[in-house]
1. Give, as ranges by residue number, the residues of region A:56-88 whose backbone N falls under 14 Å from the point 7 Å along Cα→Cβ of B:W192.
2. Loop-only check: which trypsin sites (Lys or Arg not before Pro) in region C:66-167 are DSSP coil with at most 11 other Cβ within 10 angstrom?
3. Compare the Cα positions of A:T234, A:H224, A:I189 along the charge dipole of region A:179-251 (+1 at Cβ of Lys, Arg; -1 at Cβ of Asp, Glu; about the Cα centre) and return the one farthest towards the positive end.
4. Let me make sure I get this right: for the protein assembly as shown, a, b and c are the square roots of the gyration tensor eigenvalues over alpha carbons, sorted descending. Under 1.5 in a/c it's rounded, otherwise prolate if a/b > b/c, else oblate. Which is it?
5. With unit charges on the beta carbons (Lys and Arg positive, Asp and Glu negative) and the dipole taken about the Cα centre of chain C, which residue among C:V287, C:G154, C:Y229 sits farthest to the positive side?
6. What list of ³J(HN,Hα) values in whole Hz, one per residue of region A:218-225 in order, does the Karplus curve 6.51 cos²θ - 1.76 cosθ + 1.60 (θ = phi - 60°) give from phi, with Gly and Pro shown as x?
7. Would you mind giving the mean number of other chain beta-carbons within 10 Å of the Cβ of each residue in A:192-204, as a whole number?
8. I need the chymotrypsin sites (Phe, Trp or Tyr not before Pro) found in region C:24-88, filtered to DSSP loop residues with at most 14 other beta carbons within 10 Å of theirs.
Amino acid sequence: MASFILRRILMLIPILIGITFIIFALLYILPGDPVRLIAGPGATPETIESIRHEMGLDRPLHTQYLDYLSKMVVGDLGRSYQTRRQITEELAVVVPKTVQLSLAAEIISSFLGISLGMIAAVRQNSWPDRLITALAALQLSFPAFWLALMLQLLFAVKLHLLPSSGYEGGFDKFILLPAITLAIPSSGILARITRVAVLDTLREDYIRTSRAKGLRERLVFLRHALPNALIPITTTIGLDLARLIGGIAIIEVIFSWPGLGKYAFDALVFRDLPALQASVIVFAIFVTLINLFVDILYGLIDPRVSRAA
Amino acid sequence: MKLYKLLIVVLLAALLVPAAYAADAEPKTGGVLISSLSSDPKNLDPATIAAWDQTVIAPNVLEGLFRMSPDGSEVENALAEDYSVSDDGLVWTFMIREGAKFHNGRQVTAADIKYTFERVLNPETKSPKAGSLLNVVGAQAFVDGDAEEVTGIKLVDEMTLEITLQEALAPFKAMLASVNLAAVPQEEVEEWGEDFGFNVVAAGPFKLGEWNVNQDLTIDAFEEYWNGRPYLDAVKFRFIGDENTRITEFDAQNLDIAWVPPAHWDRFFNDPVFNEKLGWAHTFHTDFIAVNLEKEPFGSSTDLRKAMRYALDMDAVIISLQGRATIAQGMLPAGLLAYDEDAVLYYPRDINMAKDLMATAGYADGVPGDFDVIMPNWGNLIVIMEIYQANLAEIGINININPMDFGTYLEAMDSGNYELAWMYRVPDYADPDGFYYPLMFSGNIGGGGNWARYNNPEVDAEIQKARASTDDAERVTLYHEIETHFVEDLPYIPLTHNIYVDVSQTYVMNYVPSPVDASQYQKVWLDK
Amino acid sequence: MTDPNATQHFVPQKAVGWQALIRNIPAMLSLGFIVVLVLVAIFAPLIARDPKAIEMRRTVGNEVLNPPFSPSMQNLFGSDQLGRDIFSRVIFGLRTSLIVGIIVRGLTMVVGALIGLISGYFGGFVDIIIMRITDIMLVFPVLLLAMTITAILGPGLSTVCFALVLVAWPDVARLIRGQVLFIKNQTYVKAAKSCGAKNSRILFRHILPNCLGVIIVAFSMGIPGAIMYEAGLSFFGYGIQPPMPSLGSLIADGRGYITTAPWYPGFPGIVLTLLVLSFNVLGDALVDSFDPRAR
């Protein structure tokens, strides 16, 4: 088991190098000249050249990449073009806010998704099941940015219940709208998976046996079906979190949530390459770590996985 | 047309409103005003300020020898208590104001100004405004590393500074009002190093307070400001990118001032309470379509460019801008020296005239092919461009709208890698030179701002003569001549001058929006 | 207490294949809706008015109105701030969405399936490298990466397609690879191999045809995702460029008008949601009917 975990962690290294390489290669063929943006309108060509040299952007690409990698190993991600501050310092400010938002969203999503999925499974083929299944399909079909606008219109503009955007410290009324927007498609997926997982366990032999022994339906469900269904559900929550983080950037932008996604988006708009590069890498590391965690969890639950690997 | 005229009358009336407020009541001290920016200004080091979100805050925190008055109409003395210019216009002497202090409590001296200017010139500072001081004697040698100091900046005594120019420069005083030349104390710059932009210590009426990255920035009243502390205790700028969100927050009274987006215009304009609280600023912006004169076919045919201007339905554009713009008939906006309502050429929309000009240019059946108009990726602007697109299609000119990231766009403008481009100019200093020198002087082709690549020796000579003259009457005559050339050659097709309109809460008093995107809060107070 | 029907109860004899699909009412409704939308998109120029026709003044009775105009017989979905008919713009936007969705998903299937075939069939070093690359691609935030790519290449129809294929192929490659691994070990493939059949023959005569079912299902299931990502890119200005209307950029343009002219961002969003919903429902039904264990 320990060697399985160790091997999975070691596999992170080539993945990390791959991530940095791909993003580096992509960014440095960007046509926009960051130096031009920094200099602003009306800068002389001499000023632009001197800034370019100052930032080391006139060196060959591979030198820049190796330099970047070696600095990254010691936790130096360079300075932002725009703020000229250490990017690691800036990430320390924005990353926790993204963690807050994704956790809040995942909690709402799990609660909604799992309870709806269970109701649907237990009442299979009844009208609540059909309603929940249909609802799940709808939840998956909203374009996130449009849903965000509609929720803002409803809860902030019409009902005056929640602030339409902003941030004042984390788990307060400001987090609700962005978290709900993120949770709506997520809980749809979770509801479906929960439903199938519970239905599958209900078909297992031991459930049939306990039914045959005359156990009450509710007891069968609580004692046998639920615990077994929880295994696929827990791992799904992990994967769902990874998926949710992939789409968090646009939600942060729409709700002015000052997290990593908004930081990355601003960096993209302003061609702040070091900042954009660092934030995409952090996003990718996040997802990689969650996947690793889910893998390990799987290994713990089902020893066959760790032995096979 | 009637609606448009009515609007103008209303606008002018509204312009007078803030002045009336000021006399109304005794100002109250205290309170926090909540304003907004579209994004985090990132860095407030005066030497490197270039972005809009930075210039909006800058004049409240920073101060140089001069500053612009809140309504943009004149250049006021700031750290300079008085100044004099030699008869040949070359030697400028500045008396530093006794009692003008940095935020760390130290008196500003002449040496600080010298340090500040040399810092801006120093290539290591990477200041985009280094060019504005290159006319000072010895500046080039300093930039090239051939001199330890700028010989043309002399300390006469502790509080007197003397600057010698190579050539007379009429707008020099206006240039010195730029926030990029705001005084900074050497000891603080050196202590903070790379992080100075985040911990700016300067000499403006407010000092930097709490700064939450990507969230908000507060500036606090500076008690020891030479002209008395601001009435407000603080101004908090929240970073909200979406104009619609800003208005929602304004409605919830979580913002005290907000720009009025097109979608909400009718609501505020027709509201008897908020109509009074609309703040109007006829900005010094001129929007235009820049034509790259080195590219065929638009560059080589004046008739074609004129035809384009005649084809544009400017009245429809003004309606779509809800009257918040005036039609630009030339390069200069009203309010600047040499602006003359009667001197500019008037182009009404005239499709027949446009078609005749097309025929003269040899394109009676339209210009074959289609042409990109590059522009920044701003939603409201794209919509306006779609009107121009439809207008030009009527005379057989097909344009593609090509919105770009701002960096890519500027790069294309500077390198001349474009045919047509939407562009705007807001002058660095309130003087006609702020338009003609960058846009039409041949020495500024490329990065200098002459995007059209206009090259006319006659105009060059006139621009230089006007720059060097200290006689306003002579300058006006020269600028009228330049404007005549402009109208004849039309290297830029003028479109509109913006009218900036924001709305403030009923308790916000004495607020005047700035025509150069740099509103000052020093004299604003809250009646609550 | 033995229930004689227990077996039947827990393993329902579910209809499979085309029959099941045809009996699935929501799926058939969705299919019908998609067919209608596709027809509308094809015949857009006949149904819609000029989506670029600007109307800055409209006289109604004695009143001169300025846009945006509210929904009426003249403008079913209302108008935008230049008086352009939103119904017509939605129809042309729908056209863009469908074209992009189908092209992007089609190209993604081709690229993903080829890579998946190679990876699964040849195995070994090639397989390891390809799978590691997909691992890496799958951890990137998709929309952010796609925006970065369109920013690199300049937004527009072809770059949007390129960016979306680039971020979507790994999923398909893994799916096909799994299928290939399964088929490769079937007796008939082994038999063909032992008879000395060429790799290309085995790949394209035996393996590919057996993957077709999976490919078709994956193609249809992936269309709504492609449509959504295109809309997302266009919403943020990194997608389709004006004057070509896209549902995403229509919503972005109308965003500011959400309180004062809710029809403007509202209708394009509703149409987009319904379009994606129909594809999702149909895709689910396809999986249900042809591969019941997949759910």
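1. A:83-86
2. Here no loop site has a sparse enough neighbourhood.
3. It is A:H224.
4. Prolate, since a/c reaches 1.5 and a/b exceeds b/c.
5. C:V287
6. 5, 5, 4, 5, 5, 7, 10, 5
7. 1
8. Of the chymotrypsin sites (Phe, Trp or Tyr not before Pro), the ones in loops of region C:24-88 whose Cβ has at most 14 other Cβ atoms within 10 Å are C:F43.
The values are calculated or read from the model by the stated rules, or taken from the named source; none is laboratory data. Just so you know, these numbers come straight off a predicted model, no measurement behind them. Methodologically, a virtual Cβ is constructed for each residue, glycine included, from the backbone with ideal geometry; neighbour enumeration extends over all protein chains shown. With ligands, DNA and RNA removed, areas are computed over all heavy atoms of the protein, side chains included. Shrake-Rupley method; radii C 1.70, N 1.55, O 1.52, S 1.80 Å.
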